[in-house]
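**Q** Starting off with a structure, shown below.
What follows draws every value from the coordinates through simple rules; no lab data is involved. All values derive from a computational prediction rather than experimental measurement. Methodologically, a virtual Cβ is constructed for each residue, glycine included, from the backbone with ideal geometry; neighbour enumeration extends over all protein chains shown.
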Amino acid sequence: MTQRARASAIVGAVALAVLARGPSDAGAQPASAPPPAGAPATEARLTLEALIIVGRAAPEAPWSDRPTEATSGQRPELAVIARGRIGKRSVIVADPELVPLSLAGRAVPTNRRVTWDLVGDVAVQWRAVEARGFRTTPAANGATSRYYSNVATEPDTFGKWLGYDTIEYFETTRAQAAATPQARRHTPEISSVDEPLEPKDKQALGTAGLGTLRFRALATLPDGRTLATAGADATDTAGALPSVHRVSVRAADDFLGHLAGYLLVPEVFGSAGAGRQHQTERFTGADCADVMVGALRRSGRTDVPYTSVAGLPRYAKIVEEQVALDEHGQPARALGQAKVGDLIRIDYGGSLTGHTPRSWDHVAAFWRDRSDPAGPWRGAPDGQLDGFDLVIHMGHPRLVVEPLAAQSPATIDVLRWHAPVTAARRAPRPAR
């Protein structure tokens, strides 16, 4: 390589334009450095414009700046890269192992890449960005619930649109800053400091490592500047912006599997938004019905629109008619038609009778068939829906897996999603 060619590739110092607001990076300004020793004085210098997180779902998967979405058993991984310019030429600073690499859906060609080795010692820190379960300040939209709500929850105005509630976010350090190649990579752990369950409890429920979390990277450059990707302050009315890198790990590719991918997403009663901007589509918040529909849509059923609990029978058939559950979750009659993955609509009784003015207060999904540990099946599946079975539902303040008995006493019915309409099932057009 000639001295001139080498000089055009080597970076003496860099500066990044910060993508997200925050006290750690406020006031950072782009800068460039003189060319390295021995380079011609007219040689173009590199200025970095953005720090970017890319991810991959598994070791064999491609790297991308799109949300990192994986299934249980895969090993999602994140890495930090940067975008910049040498003169008028756009370049990407990335470790050579990050191949193939795409940004905004387009492959990054080899001739656009330079390596971090040429930048100098860059210390990278990783943080998790997550929503607080309950707000810590009064709701700007007037909501009176502890949990986030876009609509009124008071009996006399129940369901009235209030406007988007403000979802609060915070950051926790997941990897301390280090100036090593390994520090530019991160294995994201899907867990929350705001979650009461111990790892062994989540393992028993089948939810360990599942859910959605966002991540931020901060880079300290050789000149001492600290720069970052988008973090807790990067929000709009719907919640965290897409620029905050999202990692979602689902249990499987079916409805229940995708529903598990919404673990740690906060409850937002009356979640809303048009098209892809719906809060459920963006994984920023959901209510009990929307999270069910969102999971179904993620599994491929985009023909099903968001609806209320009362509207679910338009898209699911009733397989068990209304039946009362006593305070232990035992039904007044045997419920042998329910299957794992079915929807369970709930109208609360006891002290919660008339809790809302709606005919149905809530909806859950049948998560796991269990039986009485002291009974003949000794806790194993028995094919009957009762209080021992596990359900998954949007609780306060996020999705929870727990026994159906926790929702009792109540009146319930059981629904099963309609099969997708295929060309073979569509009625033929009448002859003209």
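**Q** Can you work out the PRE-style zone for Arg314? Point 7 Å along Cα to Cβ, and I want the residues of the range 256-280 with backbone N under 13 Å.
**A** none
**Q** Name the most mobile residue of Ile86, Ile344, Ile53, meaning the one with the largest mean-square fluctuation, in a Gaussian network model of the chain with Cα contacts below 10 Å.
**A** Greatest mean-square fluctuation among the candidates belongs to Ile86.
**Q** Enumerate the amide H contacts of Arg185 below 5 Å, restricted to partners 5 or more residues apart or on another chain; note that Pro and chain-start residues carry no placed amide H.
**A** none
**Q** How far apart, in nm, are two points set 7 Å out from the Cα along the Cα-to-Cβ line at Ala406 and at Thr157?
**A** Label at Ala406, label at Thr157, 3.1 nm between them.
**Q** List the residues of the range 48-69 whose backbone N lies under 17 Å from a point placed 7 Å from the Cα of Arg276 along the Cα-to-Cβ direction.
**A** Those under the cut-off are 64-69.
**Q** Turning to a different aspect of this structure: Across the range 365-372, in residue order, what do the Karplus-derived ³J(HN,Hα) couplings come to in whole Hz, using 6.51 cos²θ - 1.76 cosθ + 1.60 with θ = phi - 60° and x for Gly and Pro?
**A** 10, 6, 8, 8, 7, 9, 9, 4
**Q** Using alpha-carbon pairs under 8 Å, 6+ residues apart, how would you state the relative contact order of the range 132-211 in percent? Walk me through the intermediate numbers first.
**A** Numbers: 69 pairs, mean separation 17.2, N = 80.
That works out to 21 percent.
**Q** Taking a quarter of the surface of the Cα convex hull of the range 312-417, what do you get in nm²? Walk me through the intermediate numbers first.
**A** Working: hull surface 26.0 nm².
Averaging across all directions leaves 6.5 nm² for the Cα convex hull.
**Q** List the relative contact order of the range 241-331 as a percent without decimals, with contacts defined as Cα pairs under 8 Å and 6+ residues apart.
**A** Values: 96 pairs, mean separation 18.2, N = 91.
The value is 20 percent.
**Q** For Arg358 and Arg378, compute 0.36 nm times the residue count separating them, minus their Cα-Cα distance, and round to one decimal in nm. Kindly include the intermediate steps, with their values, before the conclusion.
**A** Values: separation 20, 0.36 × 20 = 7.20 nm, distance 3.76 nm.
Stretched out fully, the Arg358 to Arg378 stretch lengthens by 3.4 nm.
**Q** Still on this structure, I have one more. When the expected Rg is taken as 2.2 N^0.38 Å, what fraction or multiple of it is the alpha-carbon Rg of the range 280-358?
**A** Working: Rg = 14.5 Å, N = 79, 2.2 N^0.38 = 11.6 Å.
My calculation over the Cα atoms of the range 280-358 gives 1.25.
**Q** Relative to the longest principal axis of the chain, what angle (0 to 90°, nearest 10) does the C-alpha long axis of helix 288-298 take?
**A** 60
**Q** Taking 0.36 nm per intervening residue step and subtracting the Cα-Cα distance, what contour gain separates Arg368 from Ala140 on full extension? Mind dumping the intermediate values first?
**A** Working: separation 228, 0.36 × 228 = 82.08 nm, distance 3.91 nm.
Additional length available on full extension: 78.2 nm.
**Q** Could I ask something else about it? To the nearest Å, what is the center-to-center distance of the range 183-210 and the range 88-151, using C-alpha atoms only?
**A** Spelled out, the Cα-based centre of one part sits 20 Å from the other.
**Q** Between Ala179 and Asp117, what is the label-to-label distance in nm when each label sits 7 Å out along the Cα-to-Cβ direction?
**A** Roughly 1.8 nm, to one decimal.
**Q** For Rg/Rh (Cα atoms, Kirkwood Rh), several values are listed as (1) 1.08; (2) 1.06; (3) 1.03; flag the one computed from this structure.
**A** (2)
**Q** Normalised by the residues of the range 312-417, what does the relative contact order come to in percent, with Cα pairs under 8 Å and at least six apart? Don't skip to the end; give the middle numbers.
**A** Values: 240 pairs, mean separation 43.6, N = 106.
Once normalised by length, the contact order is 41 percent.
**Q** Could you go through the range 77-86 in sequence order and give the Karplus-derived ³J(HN,Hα) for each residue, using 6.51 cos²θ - 1.76 cosθ + 1.60 with θ = phi - 60°, rounded to whole Hz, and x for Gly and Pro?
**A** With the stated coefficients, the range 77-86 comes to 9, 10, 8, 10, 10, 9, 10, x, 9, 10 Hz.
**Q** Read phi for every residue in the range 276-282 and hand back ³J(HN,Hα) as whole Hz from Karplus 6.51 cos²θ - 1.76 cosθ + 1.60, θ = phi - 60°, with x for Gly and Pro.
**A** Taking θ as phi minus 60°, the curve returns 5, 8, 4, 4, 5, 4, 8 Hz for the range 276-282.
**Q** Oh, and also: For the range 62-159, what does the alpha-carbon gyration tensor say about shape, rounded, prolate or oblate, given a ≥ b ≥ c as the root eigenvalues, a/c under 1.5 as rounded, and a/b over b/c as prolate? Let's see the in-between values first.
**A** Values: a/c = 2.93, a/b = 2.61, b/c = 1.12.
Prolate, since a/c reaches 1.5 and a/b exceeds b/c.
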